[in-house]
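The values are calculated or read from the model by the stated rules, or taken from the named source; none is laboratory data. As the structure is a prediction and not an experimental result, all values here were calculated from the model. Note: areas computed on protein heavy atoms with side chains; ligands, DNA, RNA excluded. Shrake-Rupley method; radii C 1.70, N 1.55, O 1.52, S 1.80 Å.
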Amino acid sequence: MLYFPKGVTYIMCMVHANERKDMPDEQKPVVLLIMGSVRAGRNCPRIAHWAARIGHASTDLAYEVIDLADWSLPMDDEPGLPHAGEYIQSHTHAWSEKVRSAAAVVFVTPQYNWGYPAPLKNAIDHLYSEWRGKPTAIISYGGHGGSKCAKQLRQVGAGLKMRVMTTAPALTLSEKVIHQQVELDPEVDLASYAGKVRKAFKELSAEIRQQGDRGKSRYAAERLLKAVAKVRKAFRERRSLSAE
């Protein structure tokens with residue numbers, strides 16, 4: 001393992017952050033905001049896009065909103081277990097690639113009867129190893145904020161070895177929005193939660209950066225070990241020639 005002085009590590013992180021800010025969006029690490037609801041008349045799209053705007057403004061990451069209504073993921077149509085990763089359905093392969101290629105995910109989900117929606121569970125259960133180690137944030141919403149479904153999602157994330165962020169915004173929607181179908185205006189109605197959403201995204205950004213730095217450190221260590229081995233080999237060959 002390589003160890004760097006604290007000052008050097010800080011400078012490296014700052015350089016990486018500044019480099020990413022100057023990148024076009026298509027070159028930045030991508031965060032998927034996965035909408036948990038496919039119900040007609042849902043508020044999920046407005047909330048997810050509002051959260052994405054906060055993420056764009058507060059981090060150096062790119063954000064893509066994923067509507068599960070656009071993904072055909074029939075339940076139990078793969079004969080093999082997901083952990084084997086031997087998919088036969090083209091839609092499963094596409095979903096696998098989408099999740100695997102993302103730097104992180106954010107679940108934006110309502111709370112239904114103290115749990116989270118079945119389509120979200122189905123989308124999660126279609127895969128296995130793709131979730132492992134994935135930096136993850138949870139944004140829940142409902143009449144009481146959705147903290148119970150967020151707790152369940154956190155347990156699932158732990159089982160899949162995802163790296164779930166501590167901050168989990170729970171957005172409380174008004175009675176008018178829920179029962180009277182008054183149109184939600186996130187910029188106004190959810191303004192008081194913007195700070196917590198921003199905090200969750202900053203935690204996510206820091207985790208992505210740390211994972212990148214750990215990967216670069218491992219790569220640098222491997223290159224150093226190879227260089228040392230090459231020098232040792234050359235030294236042994238030189239000693240052998242000298243002995244002759």
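Carbon-plus-sulfur fraction of the accessible area of segment 100-210, 1.4 Å probe, in percent?
The C+S portion of the solvent-accessible surface of segment 100-210 is 50 percent.
With θ taken as phi - 60° and the coefficients 6.51, -1.76 and 1.60, list the Karplus ³J(HN,Hα) couplings across segment 32-44 in order, rounded to whole Hz; mark glycine and proline as x.
Going residue by residue, I get 8, 9, 8, 6, x, 10, 10, 5, 5, x, 5, 9, 4 Hz, with x marking Gly and Pro.
With the cut-off at 31 Å, tell me which of the pairs 176/196; 28/233; 28/196; 98/199; 161/196 have Cα atoms farther apart than that. Please list the in-between numbers first.
Numbers: 176/196 23 Å; 28/233 40 Å; 28/196 23 Å; 98/199 25 Å; 161/196 24 Å.
The answer is 28/233.
Would you mind getting the accessible area per residue of segment 69-142, heavy atoms of the protein chains only, 1.4 Å probe, in Å²?
Ligands and nucleic acids excluded, the figure is 47 Å² per residue.
Would you mind calculating the gained length between residue 199 and residue 158 on full extension (0.36 nm times residue separation, minus the Cα-Cα distance), in nm to one decimal?
12.7 nm
At q = 0.10 Å⁻¹, what is the log10 ratio I(q)/I(0) for segment 72-218, with the Debye formula run over Cα points and no solvent?
-0.41
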